[in-house]
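Trainee: Handing you a structure now.
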Amino acid sequence: MKNWNDLDGSIFFNKVFSRPIEVGKAYIHSLRIENDLNDFGIGFDIPDFPDRLPEKWKDKGYNTCRIGLTCSNITELKITNLPLREVFNIEILKENEHFFFTAKSKNASVEFKAKWLSLSGPSVYMNCPEPEDHNWSDDSI
């Protein structure tokens, strides 16, 4: 999967971004496991910011974009260390009706296989104190 825009649930995402947004770096904020539903949720910031803001988002000082994934029918879940204030390099591959998700940083990783992936968001917020709070460069991974 090359772009976030290609995932199920990306209708609103495609309305606020005028161009394809490549799957790549992300700052993971949350991991959620739903045992009874066999679901896994992951919430993260991406370095891109929407260029077609709805009126209610304009002139508010927002500078960070957060999206999430809901992943269903999870197998082969492997979490090495908990994500803690790190930028991850994300890769999503689709093969034989399954998605293979990998997120790796210098100190942690999250990997799994899922039958379905659905994008949620985006939402935007003001990252304090500055957008440079996250180091999006490759040397941090």
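The values are calculated or read from the model by the stated rules, or taken from the named source; none is laboratory data. Computed from a prediction, not measured in an experiment: that's the story for all the values here. With ideal geometry, Cβ positions are generated from the backbone for all residues, glycine too; neighbour counts draw on all protein chains shown.
Trainee: List every residue pair whose Cβ atoms lie under 6 Å apart, where the two residues are 6 or more positions apart in sequence or sit on different chains, the first residue falls within region 1-12 and is assigned to a loop (DSSP other than H, G, I, E, B), and the second residue, located anywhere, is at pLDDT below 95 and not basic (Lys, Arg).
Mentor: Correct list of pairs: empty, since none qualify.
Trainee: Give just the number: which of (1) closer than 22 Å to Phe12 by Cα; (2) at pLDDT 95 or above; (3) buried (at least 16 other Cβ atoms within 10 Å of the Cβ) does Arg52 not satisfy?
Mentor: Among (1) closer than 22 Å to Phe12 by Cα; (2) at pLDDT 95 or above; (3) buried (at least 16 other Cβ atoms within 10 Å of the Cβ), Arg52 violates only (3).
Trainee: Sticking with this structure for a sec: Can you tell me which condition Arg85 does not meet? The list is (1) of a type outside the set (A, V, I, L, M); (2) on the phi > 0 side of the Ramachandran plot; (3) surrounded by fewer than 16 Cβ atoms within 10 Å (Cβ to Cβ); (4) assigned to a strand (DSSP E or B), and all the others hold.
Mentor: Going through the list (1) of a type outside the set (A, V, I, L, M); (2) on the phi > 0 side of the Ramachandran plot; (3) surrounded by fewer than 16 Cβ atoms within 10 Å (Cβ to Cβ); (4) assigned to a strand (DSSP E or B), Arg85 breaks only (4).
Trainee: Within region 55-76, how many residues turn out to be surrounded by fewer than 12 Cβ atoms within 10 Å (Cβ to Cβ) and in contact (Cβ under 8 Å) with a residue 40 or more places away in the chain?
Mentor: Selection size over region 55-76: 2.
Trainee: Just for region 16-30: of the residues that are among the hydrophobic types (A, V, I, L, M, F, W, C) and in a strand (DSSP E or B), which one is surrounded by the most Cβ atoms within 10 Å (Cβ to Cβ)?
Mentor: Top of the filtered list is Ala26.
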